[in-house]
Amino acid sequence: MSARRIAILIDGGFLLKRLPRLVKPEFVATPEKIASCIPHLCRNHVKKLTGCSNQDWIQHIYRIFYYDAIPYGGKAHHPLSNRPIDFAKSDVAVQRLALFDCLRRQRKVALRLGKVNRDHDWAIKPDLTKKLLRHRTALQVLQRAQAVEPTGASPAHFTLTLSADEFGELNKLRASWDALDAASVSLGLRQKGVDMRIGIDIAALALKKQADTLVLVAGDSDFVPAAKLARREGIDFILDPLWQQINADLFEHIDGLYSGFSRPRESTGDAAAGEGAAAPDQEQNDGT
């Protein structure tokens, strides 16, 4: 068995998005269950790197860093449902704060929390915006209507003749607007400070020689500058993208690629080619 000092850095937002694809539904049902998945993930990485038993894995851990953002706690008025929203009392905020409390009680876990700011006002989702803009030519019919002389006694009544194409476009535009619901718009919230904290910790761990192996659980390439620094300092840098595909050029900036969870069953086109799934089915049943 090779002795190591391993630091595991987890992008919490990324983990929470991927977790439902990697574990059984009951293990994402509550904050407590989600928190129990994290030592399972870390244990499998340590076993892969050292070959140690389940009981001894924690001895190789320097620290488990969990990065996320404190949920937005402001208030706003929803433009479609016309009701006030207290984000501090939302299910997402309550569950995320409960998860943080669970993680604070776990051994060798350190929370690194950024914050969520209100970056801009309400906006329609991009895919729906494109759909609405595709039918904007139907509004030209209304411009033509302004030039039509009103008929009858009331100026509010007039006759407008539409072609079949114009009628179809107007119907599509109406259907697109009718399809909008409360979930079709979102407040412009933006996470701040999380990536910066990951980069600072990687640099500090490398320069202070606090660990000889870093395992980063993340899915984007923002870590590359910090990974280069760590590798120049002799750190073994492992990336766990949780079976999400990564760009091929990232391989030159890491020393290994594998996951602490078993490959998801629906992994066609979704899984990253790694050095192996670190969690056999038997172990998956133990913790997740």
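A few notes on this one:
- Summed over region 62-74, residues that are over 27 Å from GLY188 (Cα atoms) and either among the basic types (Lys, Arg) or surrounded by fewer than 22 Cβ atoms within 10 Å (Cβ to Cβ) (or both) total 2.
- Residue match in region 31-51 (condition: within 30 Å of GLU166 (Cα to Cα) and either crowded, with 16+ Cβ neighbours inside 10 Å or over 25 Å from the mean Cα position of the chain (by Cα) (or both)): no
- Of all the criteria given as (1) part of a loop (DSSP other than H, G, I, E, B); (2) of a type outside the set (Val, Ile, Thr); (3) in contact (Cβ under 8 Å) with a residue 60 or more places away in the chain, the one not satisfied by GLY73 is (3).
- Qualifying residue in region 235-244 (condition: exposed (fewer than 13 other Cβ atoms within 10 Å of the Cβ) and part of a loop (DSSP other than H, G, I, E, B)): no
- Looking at VAL28, VAL46, VAL109, just one residue is touching a Leu at 6+ places or on another chain (Cβ under 6 Å), assigned by TED's automatic domain parsing to the domain that holds GLY199 and closer than 22 Å to LYS209 by Cα, and that residue is VAL109.
- Flag if HIS45 is over 25 Å from ARG190 (Cα atoms) and in contact with a strand residue (DSSP E or B) (Cβ under 8 Å, 6 or more places away or on another chain): yes
- Put simply, of HIS77, HIS120 the only residue that is in contact with a Pro (Cβ under 8 Å, 6 or more places away or on another chain), surrounded by fewer than 18 Cβ atoms within 10 Å (Cβ to Cβ) and of a type outside the set (A, V, I, L, M) is HIS77.
- Candidate set: region 114-126, residues that are in contact with a helix residue (DSSP H, G or I) (Cβ under 7 Å, 6 or more places away or on another chain) and part of a strand (DSSP E or B); chosen: the one modelled with the highest pLDDT: GLY114
- Here the condition is being surrounded by 13 or more Cβ atoms within 10 Å (Cβ to Cβ) and assigned to a helix (DSSP H, G or I); of ALA211, ALA175, ALA183, ALA230, it holds for ALA230 alone.
- A residue that is surrounded by 12 or more Cβ atoms within 10 Å (Cβ to Cβ), modelled with pLDDT under 95, in a strand (DSSP E or B) and in contact with a strand residue (DSSP E or B) (Cβ under 6 Å, 6 or more places away or on another chain) can be found somewhere in region 81-88.
- Filter result for THR30 (at pLDDT 95 or above and polar (S, T, N, Q)): yes
- Residue satisfying all of: in region 4-62; among the charged types (D, E, K, R) and in a loop (DSSP other than H, G, I, E, B); nearest to ALA110 (Cα to Cα) among these: ARG5
The values are calculated or read from the model by the stated rules, or taken from the named source; none is laboratory data. Predicted model only: the values in this text are computed from it and were never measured. Note: ideal-geometry Cβ built from the backbone for every residue, glycine included; neighbour counts use all protein chains shown.
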